[in-house]
Amino acid sequence: MRRLTVDANEDGVISAVHGGVEAMTGWTEAELVGQNIDTLVPLKYRERHQIALDTYVSTGRKKAMGSWVAVECLRKDGSTLPIMLVVTERDGLLQGLMEER
């Protein structure tokens, strides 16, 4: 099973990627760092994702944090990859752990 971790700030900007990022997504770490997390979010989920991020930033409400959810990851070639995702907060960063389903 492939797994990777993505760290992002409250603005959704990726600060670090750990694990098999290129094997899972087709993106290199250098291509992702500095980009918005939406780079990995399929278009059909982006509005919901942005609402959740905005709610977290404005209220501190962590509705989905700490729970595994089945979603899709957008790969560099435009295809999607079914993943399990859990988001946590660590040292002021949002950390998403993704496992291939």
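The values are calculated or read from the model by the stated rules, or taken from the named source; none is laboratory data. Here the structure is a predicted model, which means the values were calculated and not measured. A quick note on method: Cβ atoms are made from the backbone with ideal geometry, for glycine too, and the neighbour counts reach across all protein chains shown. Please note that ligands, DNA and RNA were not included when accessible areas were found on the heavy atoms of the full protein model with its side chains. Shrake-Rupley method; radii C 1.70, N 1.55, O 1.52, S 1.80 Å.
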- Can you give the angle from 0 to 90° between the axis of helix 43-59 and the longest principal axis of the chain, with both taken from C-alpha atoms, to the nearest 10? 30
- Message: Can you divide the C-alpha Rg of the range 1-42 by 2.2 N^0.38 Å and report the result to two decimal places?
- Response: 1.05
- Go ahead and estimate [θ] at 222 nm for the chain from helices alone: -39,500 (n - 2.57) per DSSP H run with n ≥ 4, summed, over the residue count, rounded to 500. -7000 deg cm²/dmol
- Taking the Cβ of R101 as the center, what net charge do the other residues with Cβ under 15 Å away carry, scoring Lys and Arg +1 and Asp and Glu -1? 0
- Hey, what's the range 24-101 come to in accessible area per residue, 1.4 Å probe, Å²? 59
- Message: Out of the total accessible area of the chain (probe 1.4 Å, heavy atoms of protein only), what percent is carbon and sulfur?
- Response: 53
- Potential extension, T55-L93 segment - 0.36 nm per residue separation minus Cα distance: 12.1 nm
- Message: Of the candidates T25, T39, T55, which one comes out as most mobile in a Gaussian network treatment of the chain with C-alpha springs shorter than 10 Å?
- Response: T55
